[in-house]
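Novice: One structure, pasted below without further comment.
The values are calculated or read from the model by the stated rules, or taken from the named source; none is laboratory data. All values reported here derive from a predicted model rather than from experimental measurement. Note that each Cβ is placed from the backbone with ideal geometry, even for glycine, and that neighbours are counted across all protein chains shown.
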Amino acid sequence: MNEKEKIVLIFLSAFFILGSLISYFNGKRKNTILKEEIVKQEIKEDRKVTKKKININEASQKELISLPGIGEKIAQRIIEYRQKEGKFKSKSELLKIKGIGKKRLSRIEDLIEIK
C-alpha cells in the first residue's frame with residue numbers, strides 16, 4: 001500500500017467514525033425527546049382520567065406541573081409564594097407569580113380550586 005492509499009484509508013476511516021458518533025448521539029437525543037413527550041402525554045392522560053381540580057394551596061410540585069403551561073420553575077415559585085405569603089385567597093392571586101400572566105391563568109383557571 002502506497003502513501004496516498006494510506007492517507008485515503010485514514011481519511012475514510014475518520015469520516016466513518018465521525019458519522020457513527022453523530023448518528024449515535026442523534027439517536028440518544030431523539031430518545032430523550034421521545035421520553036419527555038411520553039411523560040407529558042402521561043400527565044395529560046392523568047388529568048383527563050381524574051378530572052379532579054387541583055387545590056393550589058395544597059398541591060405538590062408534580063400536581064402543579066400537570067397543569068398546562070406550568071413547568072418546574074413556575075410550580076416551585078407557586079410553592080415558595082405559598083410558604084412565604086400563606087394560602088392563596090383567589091385564583092387571580094396567581095398573577096403575582098413570575099411567569100403567570102392572564103393568558104396562562106385563563107388556561108388553568110378551570111382546572112384549579114382554592115380551599
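Novice: Looking only at segment 66-80, filter to residues that are touching a helix residue (DSSP H, G or I) at 6+ places or on another chain (Cβ under 7 Å) and assigned to a helix (DSSP H, G or I); which one of those is surrounded by the fewest Cβ atoms within 10 Å (Cβ to Cβ)?
Specialist: Taking segment 66-80 as the starting set, the residues that turn out to be touching a helix residue (DSSP H, G or I) at 6+ places or on another chain (Cβ under 7 Å) are 66-72, 75-76, 78-79.
Still in the running and assigned to a helix (DSSP H, G or I): 72, 75-76, 78-79.
Details: GLU72: 11, ALA75: 21, GLN76: 13, ILE78: 22, ILE79: 15.
Residue satisfying both the conditions and the ranking: GLU72.
Novice: Here is a follow-up. Kindly establish whether LYS35 is over 30 Å from TYR81 (Cβ atoms) and at pLDDT 65 or above. Show your work before the answer.
Specialist: Working: over 30 Å from TYR81 (Cβ atoms): yes; at pLDDT 65 or above: yes.
Yes; evaluated as a whole, the condition is true for this residue.
Novice: Looking at LYS62, LYS44, LYS30, which one is modelled with pLDDT of 65 or more, part of a helix (DSSP H, G or I) and not assigned by TED's automatic domain parsing to the domain that holds GLU85? Talk me through it step by step, then tell me what you get.
Specialist: Details: LYS62 fails: not assigned by TED's automatic domain parsing to the domain that holds GLU85; LYS30 fails: modelled with pLDDT of 65 or more.
Among LYS62, LYS44, LYS30, only LYS44 is modelled with pLDDT of 65 or more, part of a helix (DSSP H, G or I) and not assigned by TED's automatic domain parsing to the domain that holds GLU85.
Novice: Moving to a separate point now. So the check is Cβ under 6 Å with 6+ separation or different chains; which pairs have a first residue in segment 75-102 that's free of Cβ contacts under 8 Å to residues at least 60 places away in the same chain and a second one that's in a helix (DSSP H, G or I) and of a type in the set (Asp, Glu)?
Specialist: The qualifying pairs are LYS91/GLU109.
Novice: What are the residues in segment 81-104 that are under 18 Å from the mean Cα position of the chain (by Cα) and part of a helix (DSSP H, G or I), if any? First the steps, then the outcome.
Specialist: Within segment 81-104, the subset under 18 Å from the mean Cα position of the chain (by Cα) is 98-100, 104.
Matches in segment 81-104: ARG104 only.
Novice: Also: Against the condition without any contact (Cβ under 8 Å) to a residue 60 or more places away in the chain and under 27 Å from GLU37 (Cβ atoms), how does GLY69 come out, does it pass? Spell out how you get there, then give the answer.
Specialist: On the way: without any contact (Cβ under 8 Å) to a residue 60 or more places away in the chain: yes; under 27 Å from GLU37 (Cβ atoms): yes.
Yes; evaluated as a whole, the condition is true for this residue.
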